[in-house]
Amino acid sequence: FGKKVYRQLPEEIRKVIRENGNLFRIGLHGPDILFYDLFNQKVCGLGTEMHKIPAASFFLRGMSIVRRTGDERLLAYLLGFACHYLLDSSCHPFVDETAEK
């Protein structure tokens with residue numbers, strides 16, 4: 001999904017992602033990356049909690065920092081995270097409904 005979004009972005013934003021590709025790719029995992037350490041329940045729990053809270057405050061805070069500092073690394077990460085958020089928002093209702101059956 002991140003590749004599809006990347007191809008549709010303006011060149012200026014694609015340049016930021018190219019120069020900070022690892023951070024963009026980490027962002028694509030969103031809070032799911034916290035589930036990968038299966039032996040640390042505190043970290044996994046944080047991933048679960050992040051899925052429950054509204055994302056707006058996370059993005060607003062992050063973009064406030066980007067605007068203030070011009071940090072393109074953070075911007076690349078937030079763009080990847082946004083891709084994850086958009087995909088999750090679209091797919092999770094179907095996944096949740098299917099899992100209930």
Original post:
Mind checking whether some residue in region 73-89 is surrounded by 16 or more Cβ atoms within 10 Å (Cβ to Cβ), touching a Lys or Arg at 6+ places or on another chain (Cβ under 8 Å) and on the phi < 0 side of the Ramachandran plot?
Top reply: yes
Original post:
How many residues does region 5-14 contain that are part of a helix (DSSP H, G or I) and either loosely packed, with under 12 Cβ neighbours inside 10 Å or β-branched (V, I, T) (or both)?
Top reply: 6
Subject >> Single residue of region 41-62 satisfying the filter (within 22 Å of R25 (Cβ to Cβ) and out of contact with any helix residue (DSSP H, G or I) (no Cβ under 7 Å at 6 or more places or on another chain)) that is surrounded by the fewest Cβ atoms within 10 Å (Cβ to Cβ) >> reply: R61
**OP:** Could you please tell me which pairs satisfy a Cβ distance under 6 Å, a separation of 6+ or placement on different chains, a first residue in region 53-80 that is under 14 Å from V16 (Cβ atoms) and modelled with pLDDT of 95 or more, and a second residue that is hydroxyl-bearing (S, T, Y) and surrounded by fewer than 10 Cβ atoms within 10 Å (Cβ to Cβ)?
**Re:** none
Subject >> Selection count where residues are more than 21 Å from S89 (Cα to Cα), among the acidic types (D, E) and in a helix (DSSP H, G or I), scope region 15-64 >> reply: 1
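The values are calculated or read from the model by the stated rules, or taken from the named source; none is laboratory data. What you are looking at is a predicted structure, and each value in this text was computed from that prediction instead of being measured. Heads up, the Cβs are rebuilt from the backbone with ideal geometry, glycines too, and the neighbour counts pull from every protein chain shown.
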